[in-house]
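Student: One structure is given below, represented as structure tokens, and several questions about it will come after.
The values are calculated or read from the model by the stated rules, or taken from the named source; none is laboratory data. Nothing here was measured: the structure is a model prediction, and the numbers come from that model. Every residue, glycine among them, receives a Cβ derived from its backbone with ideal geometry; neighbour counts consider all protein chains shown.
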Amino acid sequence: MRSYKGKKIRDIVDNPKWQRLRESFLGTWKKTPKENVRALRNYLGDMPSEMKLVRVYNYLTGSAFRIGIISSPEIEKLRTEVKKRLDSLK
């Protein structure tokens, strides 16, 4: 995903709160995947913000997740939920 509805992903993810959260995950996914997914769910809230959804979906489809270096049932479930919600907004 390079853009979403005409906005560059680079601009969408350029959000201080998101960047702090994303940085907090560095080196933690193999040790605390459930806690990280919980933090992403807290960030999303009840998923009303389209831009938050795009940020999280973009993150969860990054290369480490795509090729299986980082994986867990909780991650798969959240990615599916976020994708479904994004698809409903199109």
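Student: Need pairs with beta-carbon distance below 8 Å; first residue under 20 Å from residue 66 (Cβ atoms) and within the stretch 11-40, second in a loop (DSSP other than H, G, I, E, B) and aromatic (Phe, Trp, Tyr); sequence gap 6+ or separate chains.
Tutor: Close Cβ pairs satisfying both conditions: 36/25; 36/29.
Student: Oh, and also: Please report, ordered by residue number, the helices (runs of 4 or more DSSP H) entirely within the stretch 1-77 with at least 3 residues that are surrounded by 16 or more Cβ atoms within 10 Å (Cβ to Cβ) and modelled with pLDDT of 95 or more.
Tutor: Result: 16-24, 33-44, 50-60.
Student: A follow-up question, please. Under 6 Å between Cβ atoms, which residue pairs at least 6 apart in sequence (or on different chains) link something in the stretch 66-90 that is over 17 Å from residue 25 (Cβ atoms) with a partner that is part of a helix (DSSP H, G or I) and of a type in the set (Asp, Glu)?
Tutor: Partner pairs satisfying both residue conditions: 89/50.
Student: Let me ask something else about it. Taking residue 64 as the residue in question, decide whether it is within 12 Å of the chain's Cα centre (by Cα) and among the small types (Gly, Ala, Ser). Steps first, please.
Tutor: On the way: within 12 Å of the chain's Cα centre (by Cα): no; among the small types (Gly, Ala, Ser): yes.
For residue 64, the condition - within 12 Å of the chain's Cα centre (by Cα) and among the small types (Gly, Ala, Ser) - is not met.
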